[in-house]
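**Student:** After the structure tokens below, expect a handful of questions from me.
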Amino acid sequence: MKTSHIFLILALLGLSLSVAAQTTTKGPVPKYYKSTEAAFKGTVDDVHDRACPVSGGLGSHLMLKQADGTLIEVHLALTKFVTQYELVLHKGDVVEVTGVKVKFEGVDTIFARKIKRGDDEFLFRDNYGKPLW
């Protein structure tokens with residue numbers, strides 16, 4: 001096999017792996033559209049880390065309990081990025097999440113751009129919604 005064929009095969013394999021990393025079993029990861037950004041207030045009900053196609057690895061998430069009692073998952077960022085902030089959230093913390101609400105994996109989800117807790121503000125995306133991690 002010629003060297004050029006090997007490079008072509010490797011390039012196609014890399015491309016297919018990249019596409020696979022950006023999709024889930026239920027479809028592609030939704031885009032962050034700044035025009036749909038809103039503020040969501042509530043209390044932290046749970047904080048957890050899990051493998052996440054949005055952050056591209058082990059990601060930090062929280063469950064936000066809204067005023068009407070509904071829970072919604074909030075995607076923050078890669079766990080290693082969040083720990084650099086030394087951000088520790090606890091059940092019952094009152095927070096305001098600025099982000100976009102999307103359908104992801106069949107459920108409503110918030111992709112956070114920033115979180116405000118008291119006087120502290122933590123950024124996860126720039127003003128255009130591009131991840132900072």
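**Student:** Using a cut-off of 24 Å between alpha-carbon atoms, which lysines can reach LYS114, once sequence neighbours fewer than 8 places away in the same chain are excluded?
**Tutor:** Within the straight-line limit of under 24 Å, LYS114 reaches these lysines: LYS31, LYS34, LYS41, LYS65, LYS80, LYS91, LYS101, LYS103, LYS130.
**Student:** Could you sort LYS101, LYS41 by accessible area so the largest value comes first, with the probe set to 1.4 Å?
**Tutor:** Details: LYS101 100, LYS41 140 Å².
Heavy-atom accessible area, descending, gives LYS41, LYS101.
**Student:** Turning to a different aspect of this structure: Taking only the alpha carbons of region 73-130, what extent do you get along each of the three principal axes, in Å, biggest first?
**Tutor:** Ordered largest first, region 73-130 gives principal extents of 31, 26, 20 Å.
**Student:** If we count every other residue with Cβ under 15 angstrom of THR98's Cβ, Lys/Arg +1 and Asp/Glu -1, where does the sum land?
**Tutor:** Working: positive: LYS34, LYS41, LYS101, ARG113, LYS114, LYS116, ARG117, ARG125, LYS130; negative: GLU37, GLU96, ASP120, GLU121, ASP126.
The answer is +4.
**Student:** In the neighborhood of ASN127, defined by Cβ-to-Cβ distances under 12 Å, what is the net charge if each Lys or Arg adds +1 and each Asp or Glu adds -1? Present the calculation step by step, with values, prior to reporting the outcome.
**Tutor:** Working: positive: LYS34, ARG113, LYS114, ARG125, LYS130; negative: GLU37, ASP126.
Cβ neighbours under 12 Å give a net charge of +3.
The values are calculated or read from the model by the stated rules, or taken from the named source; none is laboratory data. Keep in mind the model is a prediction, meaning the values are calculated, not measured. Counting neighbours? That spans all protein chains shown, and the Cβs are built from the backbone with ideal geometry, glycine included. Calculation scope for accessible area: heavy atoms of the full protein, side chains included, ligands and nucleic acids excluded. Shrake-Rupley method; radii C 1.70, N 1.55, O 1.52, S 1.80 Å.
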